[in-house]
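A.B. asks: Below is one structure. I have some questions about it.
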Amino acid sequence: MSSNVKPSWTATRLPFIATWQAHFSAAVMAREAPYLGALPTLITASLVFMALSGLVLSVHYDPAQGFASLQFIDRDVANGWLIHAFHETGTTMIFGAVYLSLFRLMLTRAYKAPGDFVWVLGVAQFALLLLVGYLGYALTDGAVSHWSVVGAADATARLTGVPGALGTWFFGGLFGPGTLARLAVFHVALALAIFGIVALHYAGRRAIAPIAHRSAAVGFHPYYTAQYFVAFVVFALIFALFVFFAPHFGENPLNAAPANSLIVPATIRAPWYLLPVSGFLLPGVWGGIIIVIARLGVLFALPWLDRSGPGGRRGGVYRSLVFVLAIDVIALTVITTAGPSPLGGILAAILTAWYFFHFLVLTPLVTAMEAA
């Protein structure tokens, strides 16, 4: 904050406010940054909104009667249906923004040094979001989510050694009355942990922000505040369309029925936002966990799989392969959403193989050739 600007009343009494004001008044950013640069801010704002709507839902949610308590919220709590729709749609919007942000960073090679640590933090945030999203899905206690949790809890409870101990600690042993209560605690705790990752991610992005020349740069306000406002309006419009016209977008219709411990649904399919990393699973519960860990593992390793050197060169072949990868992930999601079939299983296996082939073979080979 410049010396000729008098601090506000609150800034003189709360020093951190003065520091925050000085931070934004001194911020200088490149003029050419695109609108998609607002995605991290939109994701953070959505996380805050999800925390507030989740707080309202948690007041009325009873893990012992998960499905019935959600019906009570929708039908008997004042505007409960709207808060519930906000929370469900917020999940869709956050994951849509996160997938788009990861694709953009891969396309621009922003994961290369000095942005490698920021990329790792972003993937860690993505992994936590996946786990929190699954736990929220489990808490619906519908016909599909119930059997998903039953299978995972019972399978891990029968394991020995460290995996079995972790499973017992997480699920509390075989599925029982206290399982959803434990998952509700983890859902809240891990959601709060995401905010810690977000803070580190923001600090990392600020640390590696390019120092542009003053003649080719603009202050954060009003240039970026206006641009972020436009991005927020578009984001809010899409959000409203989903809330009022498709609040259950991408969910398994079978999960709209209450859980039945005697009937296993014909299709145990997760919501759409979990399918890009779990669309094709190996046999068994741990086979599914292994494939999910492997998918996230190659994302973590991407800065070192890319052989183009610090900063990275944006070759046309590599950019084309990133677009092909995006099509591959979308196709895998669509095929899995369509339900099980022999042809669908074969295609899912092929698309999953291409996913790993892209990262483990094509990325090192093509980036090394383009850097030569």
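A.B. asks: Assigned by TED's automatic domain parsing to the domain that holds residue 189, of a type in the set (D, E, K, R) and surrounded by fewer than 13 Cβ atoms within 10 Å (Cβ to Cβ) - does that describe any residue in the stretch 30-53? First the steps, then the outcome.
C.D. replies: Residues of the stretch 30-53 assigned by TED's automatic domain parsing to the domain that holds residue 189: 30-53.
The next check asks that each one be of a type in the set (D, E, K, R); those that pass are 31-32.
Going one step further and asking which of them are surrounded by fewer than 13 Cβ atoms within 10 Å (Cβ to Cβ), we end up with 31-32.
Yes, the conditions are met somewhere in the stretch 30-53.
A.B. asks: Here is a follow-up. Among 99, 134, which is of a type in the set (Phe, Trp, Tyr) and buried (at least 21 other Cβ atoms within 10 Å of the Cβ)?
C.D. replies: Answer to the selection: 134.
A.B. asks: Could you check, for the stretch 72-93, whether at least one of its residues is under 26 Å from residue 200 (Cα atoms), hydrophobic (A, V, I, L, M, F, W, C) and at pLDDT 95 or above?
C.D. replies: Checked against the condition, which is being under 26 Å from residue 200 (Cα atoms), hydrophobic (A, V, I, L, M, F, W, C) and at pLDDT 95 or above, the stretch 72-93 yields at least one hit.
A.B. asks: Go through the stretch 232-256 and give me each residue that's surrounded by fewer than 17 Cβ atoms within 10 Å (Cβ to Cβ), closer than 20 Å to residue 38 by Cα and in contact (Cβ under 8 Å) with a residue 40 or more places away in the chain.
C.D. replies: Hits for the stretch 232-256 are 232, 238.
A.B. asks: Examine the stretch 167-187 for a residue that is of a type in the set (Val, Ile, Thr) and over 30 Å from residue 46 (Cα atoms), and state whether such a residue exists.
C.D. replies: Checked the stretch 167-187: at least one residue is of a type in the set (Val, Ile, Thr) and over 30 Å from residue 46 (Cα atoms).
A.B. asks: Look through 173, 151 and report the one residue that is part of a loop (DSSP other than H, G, I, E, B), under 20 Å from residue 289 (Cα atoms) and touching a helix residue (DSSP H, G or I) at 6+ places or on another chain (Cβ under 9 Å). Spell out the reasoning first.
C.D. replies: On the way: 151 fails: part of a loop (DSSP other than H, G, I, E, B).
Among 173, 151, only 173 is part of a loop (DSSP other than H, G, I, E, B), under 20 Å from residue 289 (Cα atoms) and touching a helix residue (DSSP H, G or I) at 6+ places or on another chain (Cβ under 9 Å).
A.B. asks: Name the pairs: first residue in the stretch 304-320 and of a type in the set (Val, Ile, Thr), second residue at pLDDT 85 or above, Cβ to Cβ under 9 Å, at least 6 apart or on different chains?
C.D. replies: The qualifying pairs are 317/366; 317/369.
A.B. asks: Another question, then. Consider residue 262 carefully, then state whether it is assigned to a loop (DSSP other than H, G, I, E, B), modelled with pLDDT under 90, under 21 Å from the mean Cα position of the chain (by Cα) and of a type in the set (A, V, I, L, M, F, W, C). Spell out the reasoning first.
C.D. replies: Details: assigned to a loop (DSSP other than H, G, I, E, B): yes; modelled with pLDDT under 90: yes; under 21 Å from the mean Cα position of the chain (by Cα): no; of a type in the set (A, V, I, L, M, F, W, C): yes.
The answer is no for residue 262.
A.B. asks: Quick one: would you say residue 118 is among the hydrophobic types (A, V, I, L, M, F, W, C), modelled with pLDDT of 95 or more and crowded, with 20+ Cβ neighbours inside 10 Å? Please lay out each step first, then the result.
C.D. replies: On the way: among the hydrophobic types (A, V, I, L, M, F, W, C): yes; modelled with pLDDT of 95 or more: no; crowded, with 20+ Cβ neighbours inside 10 Å: yes.
Considered against the rule, which asks whether it is among the hydrophobic types (A, V, I, L, M, F, W, C), modelled with pLDDT of 95 or more and crowded, with 20+ Cβ neighbours inside 10 Å, residue 118 comes out as no.
The values are calculated or read from the model by the stated rules, or taken from the named source; none is laboratory data. Given the structure is predicted, the values throughout are model-derived calculations rather than measurements. For neighbour counting, all protein chains shown are included, and Cβ atoms are generated from backbone atoms with ideal geometry for every residue, glycine included.
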